[in-house]
Structure formats: C-alpha cells, structure tokens
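A.B. asks: Okay, here's the structure, questions in a sec.
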Amino acid sequence: MEGYSSDGSTSFFSSRMADGWDLISTEFGLVEGSDINGGGGGGRAKLTPAQRKENKRLSDYKYRQKRKITADEQAAEIKHLKEENEQLNAENSRLKQKIGLLLPHGQLEHQCVSAQDHHGSRPEASDRQKNSEFGTCSNDDTSISDLLMKIDADEESKVKFSDFTGLDGKHVTVGKYCFPLSLHPTLKLIIKVHGDVAATSKMNPSIAERIYIMFCASIKEMHDLRLEQITECRILKWRDAIKDALRMNFKVDFAMEHLKKIACAYIGLMEHQRQEEVALRISKLEAELSASKKEHSKICERSKVYMDTEKEFIGKPVSLGMLKAENRRFEEQNRRIQRMKHLNYLQQSIIQYKHENSQIMTAIQVTTQRYLGIETENFVLRAELSELNARLQSLNDIESISLMNESNDGTGGGTQS
C-alpha cells in the first residue's frame with residue numbers, strides 16, 4: 001500500500017496519527033520520517049519547510065500519474081464492455097426478428113419470464129428481496145454495463161448503518177476506534193495486508209468511526225458472498241461505503257479497484273445468464289415449430305376430402321346439388337350474369353374505340369389541311385422561281401449583246417485610225 005513501509009512501522013495501534021510525511025518515498029531520493037525526526041539516531045538534519053513542500057509536490061505528482069494511468073485503463077475497459085454489449089444487443093435483435101413470427105408477443109414474454117427458472121442459483125423472489133436492501137436498482141431494460149459508470153459517478157452517498165447486519169452486540173476497541181466484534185477478524189486482515197488504512201485521515205475519530213465500520217462491513221460481505229449472490233444494489237452499497245472512506249482520506253483505493261473487478265464479473269454473469277435464456281427460448285421455439293409442422297401435415301392428410309368438398313360450396317348456396325332444377329336455374333342465371341358483364345365490357349370498349357377513332361380522324365384532317373397549305377405554298381414558290389429564271393435568262397442575253405456591241409465598237413475605231 002502506498003504510503004506505508006514494508007515492515008508496517010506505521011501501525012494502526014500507534015499512539016500518534018501519521019501526518020502524511022512520516023513515510024516519504026525513496027524513489028525521489030528522500031529519507032524516512034523516522035530519520036527526519038532523529039528517531040533512527042542518525043545525524044541528518046530535519047527537513048526545512050521548503051524541502052517538505054517539494055517532497056509533497058513530487059509525491060502528489062506521482063499519485064496523480066498513477067491515478068491517470070488507472071483511469072485510462074478503466075476507460076478502455078468500459079469502452080470494450082460497451083462494444084461487447086452492443087454486439088449482444090444486435091445479436092438479440094437479430095434473434096427476435098428471426099423468431100418473432102413464430103409465436104404471439106405475449107407468449108414470447110411469458111417464456112422470457114419462465115426461462116429464468118432455469119437458473120436455480122438466483123431465484124427471482126430472492127433477487128427482489130436483495131434489490132430492496134439498498135437504493136434504487138436498475139430494471140431489465142437498462143444496460144447493466146452502465147454499472148461501471150455508476151461506480152465512477154460522483155454521487156451523494158446513500159449507504160446507512162442499518163444496511164449492514166451483525167453490527168450489534170459486543171464491541172472491541174482497536175486504536176482510536178471501537179468496532180463490533182464480528183468485524184474484528186476482517187479489520188485484522190485488512191491491517192495485515194494493506195496496513196493502517198485510516199492512518200492518513202485527519203477526521204475526528206468519533207466521526208470517522210461509522211465510516212470505518214461500514215467500510216469493514218462491506219469488505220466482510222465481499223468475503224462472505226459468492227458471485228451468484230451479488231446484486232447491482234449491493235455493489236452500489238459497497239461503492240458508497242468505499243467512497244465515503246476515500247472522502248475521509250482513508251487509503252482504500254485497493255477496495256475500489258477490486259470492486260470494479262467484481263462489477264465486471266457481475267456483468268459477465270448477467271450476460272451469460274441472458275445468453276442461456278435466449279438459447280433456451282430458441283430451443284423451445286424450435287421444438288414448438290417442429291410440432292406445429294407435424295400437426296399441419298396431419299391436418300392436410302386427414303382433411304383433404306373435406307377441403308375439396310369445401311371448394312365446391314365456396315361462393316354458392318349450400319343447397320347446391322340437392323335440387324337439380326334449382327341448380328340449373330342458378331347456373332343459367334350465373335351464365336347470364338357473366339354474359340351481361342362481358343357485353344358491358346364490349347360496349348365500353350367500343351365506346352372507347354370510337355372516341356379514340358374520332359380523335360385520330362380529327363388529327364388526320366388537321367394534318368391534311370396543313371399538307372394542302374404546304375403544297376399550295378410550294379406551287380407559288382415554283383412559279384416565282386420560274387419567273388426569276390426567265391428574268392435571269394433575259395438579263396444574261398442583254399449582257400451578252402452589250403458585250404458584243406462594245407467589242408465591235410472597239411474594233412471599228414482601231415481600223416479607222
């Protein structure tokens with residue numbers, strides 16, 4: 001335990017309380033408190049206030065680094081557990097979709113409840129009794145993986161002295177505190193393994209005593225109970241008792257770390273039980289499905305004749321076949337009705353075809369008129385083109401005559417000269 005020597009020199013039974021600096025870590029090149037105070041008979045001088053302040057700063061820095069590493073590990077573990085929970089939820093949803101059509105919802109819910117009888121180690125009535133011991137418990141709809149987040153949450157403590165049993169009767173004084181005799185073995189074991197966890201507390205012993213007793217009672221319950229007997233409410237009760245001790249500056253970080261391991265094991269147990277419940281429900285549904293298929297096959301085999309007779313009466317009077325004349329009249333009436341329906345259909349089709357034909361004829365007339373207009377315009381353009389060609393030919397002739405005259409005039413003038 002950090003802050004205690006390996007030989008347990010800072011004992012719980014000491015007449016003076018440790019001031020937090022009697023044991024200074026040698027990792028930073030510092031000396032023990034016994035040498036500082038001259039108790040070891042050495043010649044070293046007492047540390048100055050500045051040196052003590054520097055030692056405290058280094059010790060705090062080391063403590064913060066350790067807490068940061070622990071917090072990072074816990075955050076990674078929480079993330080991993082959440083991912084596993086999401087995978088389990090996805091698998092559960094897939095199974096529900098696969099078997100949801102086999103049975104009504106109410107029957108599925110009934111099987112979910114009855115499947116819990118498969119786990120004799122945690123009967124439902126016992127769980128309700130344990131869950132009522134302390135605080136508010138989460139229901140089945142809440143993810144139990146949130147338990148780790150609840151342990152880390154900084155919430156108001158709800159633990160009470162009456163939440164623990166066996167604290168009455170004879171008491172024994174240990175150091176500055178008076179403990180129930182039933183907790184004395186637990187206290188001795190804590191001191192043996194982790195030293196005096198209350199040595200660093202500056203709180204008045206009369207105030208810290210109840211916190212110390214509830215902490216030891218929580219450790220005793222951990223020692224006495226198996227994982228199958230643990231509930232979420234009991235874990236939260238232990239959390240409050242341990243956090244109260246931490247607020248009193250007790251060195252009980254080891255208990256909080258172990259409580260988180262217990263919570264992880266509890267979550268694993270709950271998920272394992274849910275997995276077994278789902279597997280049991282699947283087995284039951286598969287058995288019921290197989291039985292239903294067999295029953296369906298038997299019904300089809302023994303009732304084929306009746307079902308064929310049923311088809312003859314569907315949509316017809318049940319007197320069919322008893323009165324032949326009536327049957328013929330009924331059949332003739334049905335044929336007339338069918339012919340009328342067919343005739344109405346043909347008439348509607350003819351009306352529709354006539355309407356479409358009228359639209360087509362109108363479109364043909366419009367197209368014909370446009371074609372005639374185009375032909376007339378084309379005739380006019382051809383006449384104009386012929387006239388223009390004639391005029392062009394006339395102009396060409398005039399130009400040829402003019403050129404010939406000019407040529408003749410030039411030739412005559414040259415001869416005269």
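A.B. asks: Determine the gain in length on full extension of the stretch Leu403-Leu289; use 0.36 nm per residue of separation and subtract their C-alpha separation, reporting nm with one decimal.
C.D. replies: 29.6 nm
A.B. asks: Can you work out the FRET efficiency for the pair Lys202 and Glu228, with r the C-beta to C-beta distance and R0 = 41 Å, to the nearest 0.05?
C.D. replies: FRET efficiency, Lys202 to Glu228: 0.50.
A.B. asks: Moving on. Suppose the chain between Glu331 and Ala390 were pulled fully straight at 0.36 nm per residue; how much longer would it get relative to their current alpha carbon spacing?
C.D. replies: Between Glu331 and Ala390, full extension yields 12.5 nm more.
A.B. asks: Which lysines have a Cα lying under 23 Å from the Cα of Lys294, excluding residues fewer than 8 positions away in the same chain?
C.D. replies: Lys98, Lys284, Lys304
A.B. asks: While we're looking at this one, here's another question. Between Ile282 and Cys300, 0.36 nm times their residue separation minus their Cα-Cα distance comes to what?
C.D. replies: 3.8 nm
A.B. asks: DSSP loop trypsin sites (Lys or Arg not before Pro) in segment 221-278 with at most 12 other Cβ atoms within 10 Å of their Cβ, which ones?
C.D. replies: Taking segment 221-278 and a limit of 12 other Cβ atoms within 10 Å, the loop trypsin sites (Lys or Arg not before Pro) found are Arg226.
A.B. asks: Need one word for segment 198-309: rounded, prolate or oblate. Basis is the Cα gyration tensor (sqrt eigenvalues a ≥ b ≥ c); a/c below 1.5 gives rounded, then a/b vs b/c decides.
C.D. replies: It is prolate, given that a/c is not under 1.5 and a/b is the larger ratio.
A.B. asks: So what's the net charge close to Asp308: Lys and Arg +1, Asp and Glu -1, counting the other residues with Cβ under 15 Å from its Cβ?
C.D. replies: Cβ neighbours under 15 Å give a net charge of +1.
A.B. asks: Among the listed pairs Lys150/Lys260; Lys79/Lys158; Lys66/Lys251; Lys66/Lys176, which are separated by more than 20 Å between their Cα atoms?
C.D. replies: Among Lys150/Lys260; Lys79/Lys158; Lys66/Lys251; Lys66/Lys176, the Cα-Cα distance tops 20 Å for Lys79/Lys158; Lys66/Lys176.
A.B. asks: Name the residues whose placed amide hydrogens come within less than 5 Å of the amide hydrogen of Gly195, ignoring near sequence neighbours (fewer than 5 apart) on the same chain.
C.D. replies: Answer set, sorted by chain and number: none.
Read the figures in this text as sums done on the coordinates, not as results from a lab. Bear in mind that the values here come from a model prediction, so they are computed numbers and not experimental data. Using ideal geometry, Cβ is built from the backbone for each residue, glycine included, and neighbour counts are taken over all protein chains shown.
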